[in-house]
Amino acid sequence: MKKIFFISTIIISFLFSFVTNLFAVELYDLAYRTHLLKNGKTLFVRYRNPLLDPVLRTFETYMFDPRTGKITFLQHPQEKLYILPVVSRDKSTLSYHSLIEGSDYLVTRNLQTGKSVRLRFDTSGYFLEIGIDYDNDTIVASIKRGENRQALYLISNNRGTIRRILDGRNFISTGFFYNGNPYFVEVIDEWKILGFVNLKTGERHVIAERIDFATKAPNGDVFLYSQENNLYLYRVYGNESLIISRQFQSRKNPLLLASDGSTCAVIEDDSIYIINIPSGDVMYYISMDTENLSFYLTDFTLYIIKKNKILYLEHKKPGQTLQELYEDTQPLHLLAVSQNDRYLVYQHEKKNETIIYDRNAERHYSKEFGFIIQEILPPDTEDSFYIIARSIEPKKKIPVKEVYLYNFLAEKLFTVSTASDLENFIQLYLTEE
């Protein structure tokens, strides 16, 4: 049953003026955002009308199941999505805001059962961003209310409630800590403020002001942020911040986070720190010149690429040392590592090539493709990975960003979101559940 809320009228013209030009040149972006889901599935967001003026572009969302080859269109055909959808931490739930003929809708959908809750709004502003709680039911939304005015709203799908929890001016990020309190990053006078709202007391708490960089750890009990060259680890439980680096430069030094949220690696000019989350303890300290090196962090291993060598350290085990894993005859670029740390995907100078190294069998699988590889996404399967690629649409000669699935053991390439289906994409893959 649909639940309806009336607050006031939406001003669509403000929404159009808010959307900015995301591309300097024409581009068919068929892989604007990609999320790995469970059982090898992937959710990808693309533009419905990529070559129109930026204020007219809308997003469309699909889910691909490699076991069946089925692509499911996840929204109503008439819905217009101007902001990106969000996926829950357990990858089971999708939530998005849409417009249908001037009415606001907030949809929260279980990706496993296909069931969804649809709330209708009639607001005096428009949605800018949403975040989903760990209960997969509650949403925090940033809504613009007028000139230099925004507010955060807390929305419960199951209870059918909405309430304003914080007034502000320019929220650029929002979401939830693991304890259920919504956090926010707000820009005031060109400076960022990190804070949260205590839902029990209704009070606004500022964690840090004048910050340069902020990111939440995947498990939600830690936030990492920087002020000048100091990098802090903020622990939600205990409400305290610890300095974990005094030489961190957010625009230069990478900060790597393990997908399970238990570890981060801080790269400085002359050292590497592997930090335990949420304690903030240094598990490993590596003293080395990091210039011209690249890094990759998994839940179990830190990989360091030094020209044609791959070094590794298994950070979950105590007393480990940095060791050489593999040496090639040419300089290499590590693209991805499988979730079980068995397969490493890298390439040499050819940007259309992948080389898969099997650590267990000490075997290589090489493949050249007819497109430029931009990114590799390894799902929770052992024999395949998703490729984010760049190619040229043959008829209109326009660059295309695409999604493929490649099974390297079977040497089979599957199209997921590509230029070959531009004309009839929705008609071919639209499914009803």
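The values are calculated or read from the model by the stated rules, or taken from the named source; none is laboratory data. The structure displayed is predicted, hence computed values, not measured ones. Quick reminder, even Gly has a Cβ in these numbers, built from the backbone with ideal geometry, and neighbours come from all protein chains shown.
Descriptive notes on the structure:
- Among the residues making up the stretch 352-366, those that are surrounded by 14 or more Cβ atoms within 10 Å (Cβ to Cβ) and of a type in the set (D, E, K, R) are 353, 358, 359.
- Identification of strands (runs of 3 or more DSSP E) wholly contained in the stretch 166-222 with 1 or more residues that are surrounded by fewer than 17 Cβ atoms within 10 Å (Cβ to Cβ), over 17 Å from the mean Cα position of the chain (by Cα) and modelled with pLDDT of 95 or more yields 191-198, 203-211.
- Evaluating residue 78 against the criteria (1) closer than 30 Å to residue 394 by Cβ; (2) modelled with pLDDT under 90; (3) in a loop (DSSP other than H, G, I, E, B) leaves one unmet condition, (1).
- Subset tally (residues that are in contact with a strand residue (DSSP E or B) (Cβ under 6 Å, 6 or more places away or on another chain), free of Cβ contacts under 8 Å to residues at least 24 places away in the same chain and hydrophobic (A, V, I, L, M, F, W, C)) for the stretch 173-188: 1
- Qualifying residue in the stretch 384-391 (condition: assigned to a loop (DSSP other than H, G, I, E, B) and within 28 Å of the chain's Cα centre (by Cα)): no
- Subset of the stretch 300-326 [in a strand (DSSP E or B) and among the aromatic types (Phe, Trp, Tyr)]: 303, 312, 326
- Number of the condition not met by residue 249 [criteria: (1) surrounded by fewer than 16 Cβ atoms within 10 Å (Cβ to Cβ); (2) not in a strand (DSSP E or B)]: (1)
- Residue in the stretch 158-174 that is out of contact with any Phe, Trp or Tyr (no Cβ under 8 Å at 6 or more places or on another chain), of a type in the set (S, T, N, Q) and under 21 Å from residue 95 (Cα atoms) present: yes
- Scope the stretch 112-158; condition under 19 Å from residue 204 (Cβ atoms), in contact with a Lys or Arg (Cβ under 7 Å, 6 or more places away or on another chain) and of a type in the set (S, T, N, Q); matching residues: 148, 150
- Every residue from the stretch 291-324 that is hydroxyl-bearing (Ser, Thr, Tyr) and over 30 Å from residue 236 (Cβ atoms): 294, 312, 321
- The residues of the stretch 215-250 that are farther than 25 Å from residue 131 by Cβ and either hydroxyl-bearing (Ser, Thr, Tyr) or in contact with a Pro (Cβ under 7 Å, 6 or more places away or on another chain) (or both) amount to a single one, 245.
- The stretch 254-270: number of residues that are surrounded by 14 or more Cβ atoms within 10 Å (Cβ to Cβ) and without any contact (Cβ under 8 Å) to a residue 24 or more places away in the chain: 1
- Subset of the stretch 148-165 [part of a strand (DSSP E or B), within 30 Å of residue 115 (Cβ to Cβ) and free of Cβ contacts under 8 Å to residues at least 40 places away in the same chain]: 151, 153, 156, 161, 163, 164, 165
- Residue list for the stretch 92-142, filter: without any contact (Cβ under 8 Å) to a residue 24 or more places away in the chain and buried (at least 22 other Cβ atoms within 10 Å of the Cβ): 98
- Residue selected from the stretch 224-242 under the condition touching a Phe, Trp or Tyr at 6+ places or on another chain (Cβ under 6 Å) and assigned to a strand (DSSP E or B), by the criterion surrounded by the most Cβ atoms within 10 Å (Cβ to Cβ): 231
- Residue 403 vs. criteria crowded, with 21+ Cβ neighbours inside 10 Å, in contact (Cβ under 8 Å) with a residue 12 or more places away in the chain and within 27 Å of residue 306 (Cβ to Cβ): no
- Screening residue 263 on (1) touching a strand residue (DSSP E or B) at 6+ places or on another chain (Cβ under 6 Å); (2) under 19 Å from residue 304 (Cβ atoms); (3) β-branched (Val, Ile, Thr) shows it passes everything except condition (1).
- The stretch 277-299, subset in contact with a strand residue (DSSP E or B) (Cβ under 6 Å, 6 or more places away or on another chain) and not in a strand (DSSP E or B), residue surrounded by the fewest Cβ atoms within 10 Å (Cβ to Cβ): 293
- Some residue of the stretch 82-96 being part of a strand (DSSP E or B), farther than 23 Å from residue 177 by Cβ, over 15 Å from the mean Cα position of the chain (by Cα) and among the aromatic types (Phe, Trp, Tyr): no
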